[in-house]
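Just so it is clear, none of the values below were taken in a lab; they were calculated from the coordinates. What you see is a predicted model, and the numbers here were worked out from it, not measured in a lab. Positions of Cβ are generated from backbone atoms using ideal geometry, with glycine treated the same way; all protein chains shown enter the neighbour counts.
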Amino acid sequence: MCGITSYCGNKQAIPILIEGLKRLEYRGYDSAGFAVIDNKKNIIVKSQGKVLKLEEKKAGKKIDSTFGIAHTRWATHGEPSEINAHPQTDCTKKISVVHNGIIENYLELKEELIKKDHKFVSETDTEVIAHLIEENFNEDLEDAVLKSIERLIGTFGIAVIHSDIDHKIVVAKRGSPIIIGVGENEFFAASDSNAISPFTKKMIYLRDDEMAVLNSDGYYIKNFKNEILEKEIETFDEVSFKTDKKGYEHFMLKEIFEQPETIENAFRGRIIENEGVSKLGGLIPVLDRLKSINKLIIVSCGTSYYAGLLGRYILENLTELNVECELASEFRYRRLKLDENIGVLAISQSGETADTLAAIKEAKRKGALLLGIVNVVGSSIAQITDAGVYNFAGPEIGVASTKIYTSQLVILTLMALLIGRYQGLSYYEGSQVICALKNIPDKVREILNDADKIKKIALKYSKYRDFLYIGRLYNYPTAMEGALKLKEISYIHAEGYPAGEMKHGPISLIDENFPTVAIAPDDSAIDKMISNIQQIKARKGKIISITNKDAKKVIDISNDSIIVPKTIPILQPILNIVPLQLFAYYIAKQRGCNIDKPRNLAKSVTVE
Ligand code: F6R
């Protein structure tokens, strides 16, 4: 979704801003723009569509500026258009504002400002911020921003400049990320570290209700009470920001193929083999509380929700906890009784998903222990939770989540091991899980070596318009996630179902034009899966099965089978999802879809 970047230093600002915008493209957007000051003139360039178009628009214009702000917009208030793109400006056209988040009281503020003769041109909530700052401006931009944000209800990460004020950028954060980059006599602010990582590895994460003022010889940080804050500068290594495709045609394919390493990164240094337990440094500060909770509620969205659904089965298998899994967007509106004996675990790749953030804020209010599994270091969810575990999987750029899903499953297993070993789980049981886990990367490699076979099957089915995905027990979430992968990148209708539910409705859809992907490994549910497959065959439905080589009956009754190596049942879904990611990828490629940036989707969903 929306992205912000900004620069204040002694180099030409526009190339740095454009490079930052390009590095924000993966988040999904529909328009882009920048504002720079050239000799006290506020120059705003905006365009609908890609950053490339913005670059073309700028080409030929002679602009000399060493500070400015820029934005990629994902439409919320008002259609995607040049007028609605950011930066937004005020009546004097001297103030420029870029904004991520949503201002809930913007209509009320707009009416008030219109009565004071302000003229609005866009449909955005952001334009209200520019006019409010104009209203409060009295030669001091920082003071005007502070006074204005006092009036805002909702979420915002903003960056503001004024053409009368040389080399000053004011940024502020509430509920939407802002990161400050510290370079040599140059300073940056962005909503995502990717935007500024080519220029500096030294960063400061602002917390909610904090603001920063950048100029060419320094910066300072304050809270909204106007008190100066001393904040630590964190230095990140090169690996945290690697975002090239490494020769793969798409980021999604590269990320699918990275899974042997990202799975290993998720457990490396986190297992104590001779005790049959895991060691999760991020949870040490809350270990005593963790031991005393009797219930865990997992909250998340999309793919992270399916990881949570599977996490419920894993935790129930290895611990004595009562485990619930809830969509974050529903959880926050329920009438919930939470207390300190309940843990709430947020799972989120981006750490910025608005629904998940809102859910854990609700849980915090009610006193639950807040835990997180997050990929993006320093993200909002990582900051709010009491403790958590990072994926350390590197940036995931493809909008469809792949490597983070399997990494989340590994971490959920490690968490279950940790809690379980304080409860009934024996050393022997713990060791068996660890032994199986250590073999997973090689088994994933085996599957990836079969990519060509999977591609052949995918091409055979690429013209169908509807698919059903079914699985039982641990593979019910796999069916949901497999269907999500196909629909989001190929725009084919795909439904994931627990196989047992099929006869309660979806089976009426089945005919020769409606193939089913059956996730049917050689486990305790295999006989039931076989009878579901037979019911589909009896209605002329085609079957593509994901199964193991010894499951001869499944292979015999399937039209096509993808064979994956076998592991223990709780880890089998990590292996089963890999061919489904590839299946979706090859179908989408065959159909000519925009795989890394599917229509209407954003990588980081920062609106509710
Ligand atoms: C699907 C996908 C989304 C995300 C969801 C939650 O491939 O990526 O469904 O899983 O938007 O995002 P995070 O994990 O960042 O909270």
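Descriptive notes on the structure:
- Phi angles of the range 586-598 translate, via the Karplus equation with coefficients 6.51, -1.76, 1.60 and θ = phi - 60°, into HN-Hα couplings of 5, 5, 4, 5, 4, 7, x, 7, 7, 4, 6, 9, x Hz per residue; Gly and Pro are given as x.
- Estimated from helical segments only, the mean residue ellipticity of the chain at 222 nm is -10500 deg cm²/dmol, where each DSSP H run of four or more residues counts as -39500 (n - 2.57).
- Zero-based 10 Å bins, Cα pair distances in the range 246-445, whole percents: 9, 38, 37, 14, 2, 0
- Going by neighbour counts of Cβ atoms within 10 Å, the residues 340, 261, 512 line up, fewest first, as 512, 340, 261.
- Listed residue pairs exceeding 23 Å between alpha carbons, taken from 503/549; 50/456; 245/485; 453/589; 119/147: 503/549; 50/456
- Of the residues 566, 202, 549, the one with the fewest other Cβ atoms within 10 Å heads the list, and the complete ranking is 549, 202, 566.
- Per residue, the convex hull volume that the Cα atoms of the range 119-196 enclose (Å³): 114 Å³
- For the pair the range 436-494 / the range 58-135, the C-alpha centres are spaced 43 Å from each other.
- For the pair the range 401-427 / the range 353-393, the C-alpha centres are spaced 17 Å from each other.
- With only Cα atoms counted, the range 294-395 has Rg and Dmax values of 12.3, 37 Å.
- A protection proxy built from the mean count of other Cβ atoms within 10 Å ranks the segments 230-236, 314-320, most packed first, as 314-320, 230-236.
- Radius of gyration and Dmax over the Cα atoms of the range 356-462, both given in Å: 18.1, 53
- Shape annotation for the chain: C-alpha extents along the principal axes are 78, 54, 44 Å, from largest to smallest.
- Helix 106-115 vs. the chain, principal-axis angle (Cα, 0 to 90°, nearest 10): 20 degrees
- The ranking of 34, 224, 251 from fewest to most other beta carbons within 10 Å of each one's beta carbon is 224, 251, 34.
- Lysine pair count for the range 246-445 with Cα-Cα distance under 13 Å and sequence separation of 8 or more or different chains is 5.
- Between 0 and 90°, nearest 10: helix 302-318 axis offset from the chain longest Cα axis: 50 degrees
- Cα long-axis angle, helix 526-537 against the chain (0 to 90 degrees, to the nearest 10): 80 degrees
- In this calculation the C-beta distance from residue 112 to residue 324 is compared with R0 = 56 Å, giving a FRET efficiency of 0.80.
- Considering only Cα atoms, the convex hull volume of the range 450-595 works out to 90 Å³ per residue.
- Cα-based reach from residue 57 at 16 Å (exclusive), listing lysines while leaving out same-chain residues under 8 positions away: 22, 46
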